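Scroll down for the structure; my scribbles are underneath it.
Any read-out appearing in this document is the output of simple, stated calculations on the displayed coordinates, not a laboratory observation. Quick caveat: nothing in here was measured; it's all calculated off a predicted structure. Don't worry about glycine lacking a Cβ; one is built from the backbone with ideal geometry, like all the others, and counts go over all protein chains shown.
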Amino acid sequence: MNRLRDKVAIVTGASPNIGGAIARGFALEGARVVCTDVTDTAAKACAARVEEAGGEAFPVVGDVTDPDHAADVVERAEERWGRVDVLVNNAVWFNQKGLLTMPLAEYRRQLDVILGGAFLFTRAVAESMIRNGVAGSVINVLSTAAWQGQPGNIGYCTGKSGLVNFTRSAAMELAEHGIRVNGLTPTATLPEDPEILRRTAAPSATPGAWSMDFTGQLPMGRLPTPRDYVPAAVLLASDDAAMITGTNITVDGGATAKYWPWTPRAS
Ligand SMILES: NC(=O)c1ccc[n+]([C@@H]2O[C@H](COP(=O)([O-])OP(=O)(O)OC[C@H]3O[C@@H](n4cnc5c(N)ncnc54)[C@H](O)[C@@H]3O)[C@@H](O)[C@H]2O)c1
């Protein structure tokens, strides 16, 4: 409790899945949260969820690829609470398509959401932190697809792996200001939100042409839920992580550490 007391956090792409869970988790640790999303319903639902948990939040609707949106979010956070301490670059466009099937315009757009959005928000927030003398924390939500080659998901894999070195480079540049930048790597996630659960096909059903065995290959034997990511996000956001920068915390049930031919629990 209170590990983020009085901190001000911005979470982009604050859907009821991972972003919303992190926003709520931050609030339970004492943070005030700006929930942003390109959809009005997601941004408002996130703010309502934080308030239901006893925290303070407000929604801002906008597109992470729009420089004015990033500036607007930071300005409104400063107007309301005077500062920004934490940014979570979480917004994503999944758009699972392969090299042979992805229209160029969609590829460019997907990279813009993942990499352009992180660039604009990290820069706007870093400028605010420097201006206000805040030794803050930026968390880039990655994916196991940043570290492994998934077939049929070319834009996502490329964007997320780009974020790995964006994280390191931004961390080096901002270190002199005491600002930390880290990655958080989730993997295929079992939604907690009943509506998302209803809409989402079992992860093993995607993407069409390639057979995937998500739960069978996971050493820990179950898919993580959004709640499983919250402790790592809170740690990276908190002052306990004062000497953690330019790196990544993976919360994947052992997926990326696994020796590739081994099938857990097969014998
Ligand atoms: N769900 C998973 O299985 C999984 C696995 C690994 C990594 N991740 C990562 O976790 C993060 C959250 O995933 P999720 O499953 O909660 O996603 P989600 O689709 O539930 O939420 C993403 C949100 O981003 C918003 N968004 C999309 N384009 C936007 C834009 N241009 N500007 C602003 N907002 C925009 C969407 O409206 C949506 O609310 C993502 O970065 C994702 O890559 C998710």
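Using Cβ contacts closer than 10 Å as the measure, can you line up 101, 65 from fewest to most?
Details: 101 13, 65 20.
So the residues, fewest neighbours to most, are 101, 65.
Show me, for the stretch 163-172, the HN-Hα J-couplings you get by feeding each phi into the Karplus relation (A = 6.51, B = -1.76, C = 1.60, θ = phi - 60°), rounded to Hz, glycine and proline as x.
5, 4, 7, 4, 4, 5, 5, 5, 4, 5
Mind listing which trypsin sites (Lys or Arg not before Pro) in the stretch 1-54 are in a DSSP loop and have 12 or fewer other Cβ atoms within 10 Å?
Working: sites: 3, 5, 7, 24, 32, 44, 49; in loops: 3, 5, 7.
Those that pass, being in a loop and sparsely packed, are 5.
What are the residues whose amide H is under 5 Å from the amide H of residue 33, where those residues sit 5 or more places off or on another chain and H is modelled from the backbone?
Hits under the 5 Å cutoff: 9, 56, 57, 58.
Quick one: which residues, 5 or more positions from residue 88 or on another chain, have an amide H under 5 Å from its amide H? H modelled 1.01 Å from N in the peptide plane, none for Pro or chain starts.
The answer is 10, 11, 12, 139.
Give me the net charge of residue 38's neighbourhood, meaning all other residues with Cβ under 10 Å from the Cβ of residue 38; Lys, Arg count +1, Asp, Glu -1. Could you put the intermediate results ahead of the total?
Working: positive: none; negative: 37, 40, 63, 66.
Net charge around residue 38: -4.
Could you tell me whether the stretch 91-190 comes out rounded, prolate or oblate from its Cα gyration tensor? Rule is a ≥ b ≥ c as square roots of the eigenvalues, rounded for a/c under 1.5, then prolate if a/b exceeds b/c, otherwise oblate. Each step should come with its number before you reach the end.
Working: a/c = 2.81, a/b = 2.04, b/c = 1.37.
Prolate is the answer for the stretch 91-190, as a/c is 1.5 or above and a/b outweighs b/c.
Kindly provide the GluC sites (Glu not before Pro) of the stretch 158-267 that DSSP labels as loop, not H, G, I, E or B, and whose Cβ sees at most 13 other Cβ atoms within 10 Å.
On the way: sites: 173, 176, 192, 195; in loops: 192.
Loop-located and lightly packed - none at all.
For the stretch 56-152, what is the charge dipole size about the Cα centre, in debye to the nearest 20, if Lys and Arg each add +1 at the Cβ and Asp and Glu each add -1 at the Cβ? Mind showing how you got there, number by number?
Values: 8 positive and 12 negative charges, 70 e Å.
Computed charge dipole of the stretch 56-152: roughly 340 debye.
Go through the stretch 163-242 and name the trypsin sites (Lys or Arg not before Pro) that are in a DSSP coil and have 13 or fewer other Cβ atoms within 10 Å of their Cβ. If you can, show how the numbers build up before the last one.
On the way: sites: 168, 180, 198, 199, 222, 227; in loops: 222.
Passing sites in the stretch 163-242 are 222.
Whose amide H sits under 5 Å from the amide H of residue 248, counting only residues 5 or more places off or on another chain, with H placed in the peptide plane?
Residues meeting the criterion, in which the H sits 1.01 Å from N, are 183.
Please build a GNM for the chain, connecting alpha carbons under 10 Å apart, and tell me which residue among 175, 145, 105 fluctuates the most.
105
Residue by residue, what Karplus-based ³J(HN,Hα) values in Hz, rounded to whole numbers, does the stretch 41-55 have, using 6.51, -1.76 and 1.60 with θ = phi - 60° and x for Gly and Pro?
5, 5, 4, 5, 4, 5, 4, 5, 5, 5, 5, 4, 7, x, x
Among 112, 37, 72, which one moves the most in a GNM of the chain with springs linking Cα atoms closer than 10 Å?
72
At a threshold of 8 angstrom on Cα-Cα distance, excluding pairs fewer than six apart, so keeping six or more, what relative contact order does the chain reach in percent?
18 percent
Straight distance only, please: which lysines reach the Cα of residue 97 with their own Cα at less than 19 Å, same-chain residues fewer than 8 apart left out?
160
In debye to the nearest 20, how big a dipole does the chain give about its Cα centre with +1 on each Lys and Arg Cβ and -1 on each Asp and Glu Cβ?
Values: 24 positive and 28 negative charges, 148 e Å.
Around 720 debye, computed over the chain.
With each pseudo-label sitting 7 Å past Cα toward Cβ, what's the residue 135-residue 79 distance in nm, one decimal?
In this crude label model, residue 135 to residue 79 measures out at 3.1 nm.
Output wanted: per-residue J couplings in Hz (rounded whole) for the stretch 216-228, from phi through Karplus 6.51 cos²θ - 1.76 cosθ + 1.60, θ = phi - 60°, x for Gly and Pro.
x, 8, 8, x, 7, x, 8, 6, x, 9, x, 4, 5
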